[in-house]
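Have a look at the structure below, then the notes.
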Amino acid sequence: MGLSPGHATPGPESRVLSGMSPNWMTTKLDFLVNWARTSSLWPMPFGTACCAIEFMATAASRFDLARFGMERMAFSPRQSDVLICAGRLPFKLAPVIRRIYDQMTQPKWVISMGACASTGGIFDNYAMVQGIDTVVPVDVYVPGCPPRPEGLLYGILLLHKKIRGETVVDGSLRQERPLDETGLRLPPDEVDELSEPFGNSIHQTRSA
Amino acid sequence: MNPSVDALRRVFGPRIGRALVSCGDTIVYVDAGRVAEALRWLKETPGQQYNYLVDVTAVEYRDPERPLEVVYELFSLDRRAALRVKAELSKDRLEIDSLVPLWAGANWLEREVYDMFGITFRGHPDLRRILMWETYAEGHPLRKDFPLRGRFSRAEQVRQALGANPEAHYSMDELSIAETYHELPEDMRERLARGERGVIPEPGRERGRE
Ligand code: SF4
């Protein structure tokens, strides 16, 4: 592997052995794999609402996602690593995001961007999924309505941290878990519980 | 008050109900059975020429005694005049004539009113839900008796939503591939022909058309 000392910081995990050719170094496989994965996370943007605008701002020059190896927006699920759901998810889009998630190849991660994607947000109504974690597994939740670009970047860095803690030996991390025979990802009572209103929204008066 | 109201009264007599001005807009109530006829007259009569149907929508009031109203926003591009026509429907007979023969643009507007209020438009060529998916079984969301969070549990809602077939949200016409239909791969033809009927593990309770 051509990691010379000049490139990517060789942390305590890896070192160049003195007396050997500088074109060689030893490292842990996990470190190397995770370094590669964190450094080129290709996002699959799933922008459904206002949060998507802030996502675009994050990708544009001022905040510049490319600094984190996310230069390329992969609008094909087959060539992407992280699904970023930016915006509220209506029930009508639930099978779509599930299909996209299923089409993504392992390894894959999901960031839920914003209050709506994470919990249903202000849309506690008949049309909206109350948190995309009832439909696909989520790795990082970014709060905010919408989160500022800094917030999303922090979420991405948290995901980097999470990936750096993974190990290639643990196959369960990469296991596909399709919908079970009830047609859901989670047991029904868990979905109901995740969808319960909380915070301010339980005190609101509602018609009917 | 828009002079078209008096003109309407001369032609349709007692079929024209009360008329009022609200925020500068004239609103006229027309008998639900004659509304298509009155709108055709407003569209085609020289001097009226309301040739643009801006919107079709409906209102249900909280007072359960009050009928539902179907609202038509008309605008005359030539005369720069606007008129709002309303028709009242009693809650046990939510039916009215479709305007698609008059304005092709009424198609999706009426589908939306059907989807949200459950009003049937007689003579509509393709009266399907448009905002909610076709297998949506909880009723018509903008009706006052519809609970804000829907009728089913959240788990059931997620289950039914995930059972829908995302490809089939579009009809063949919408995809403009009707002509090339026979050249499509077998499985895609099958999906399109099936329409929006997704595969739901167990048949949901049908409450669509109450
Ligand atoms: S969290 Fe706020 S900004 Fe984001 S989709 Fe919801 S309403 Fe829009």
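Close amide H pairs (under 5 Å, H built 1.01 Å from N) link B:ASP55 with B:GLU73, residues at least 5 positions away or on another chain. For the range A:23-28, backbone phi angles converted through the Karplus equation (6.51, -1.76, 1.60; θ = phi - 60°) give residue-by-residue couplings of 7, 10, 8, 10, 7, 7 Hz, Gly and Pro being listed as x. Which FRET efficiency value, to the nearest 0.05, do you get for A:TRP24 and A:VAL169 by plugging their Cβ-Cβ distance into 1/(1 + (r/R0)^6) with R0 = 22 Å? For A:TRP24 and A:VAL169, the calculated efficiency is 0.35.
Pull up the cross-link candidates among the aspartates and glutamates for A:LYS28, meaning alpha carbon to alpha carbon under 18 Å and not fewer than 8 places away within one chain. Once the sequence-local aspartates and glutamates are set aside, what remains near A:LYS28 is A:GLU13, A:GLU166, A:ASP170.
For B:LEU68, the residues whose modelled amide H falls within less than 5 Å of its own, excluding neighbours fewer than 5 places apart on the same chain, are B:LEU89, B:LYS91.
Report the calculated FRET efficiency for A:LEU179 and A:TYR154 (r = Cβ-Cβ distance, R0 = 35 Å), to the nearest 0.05.
Working: r = 31 Å, r/R0 = 0.89.
So, using R0 = 35 Å, E works out to roughly 0.65.
In whole angstrom, note down how far apart the Cα centers of the range A:128-184 and the range A:66-103 are. About 11 Å separates the Cα centre of the range A:128-184 from the one of the range A:66-103. For B:LYS91, the lysines whose Cα comes closer than 19 Å to its Cα, not counting residues fewer than 8 places off in the same chain, are B:LYS144. Across peptide A:125-132, the mean count of Cβ atoms from other chains lying within 10 Å of each residue's own Cβ comes to 5.
Computed from the coordinates by the stated procedures, all read-outs in this text should not be read as laboratory data. Keep in mind it's a predicted model, so treat the numbers as computed, not measured. Quick reminder, even Gly has a Cβ in these numbers, built from the backbone with ideal geometry, and neighbours come from all protein chains shown.
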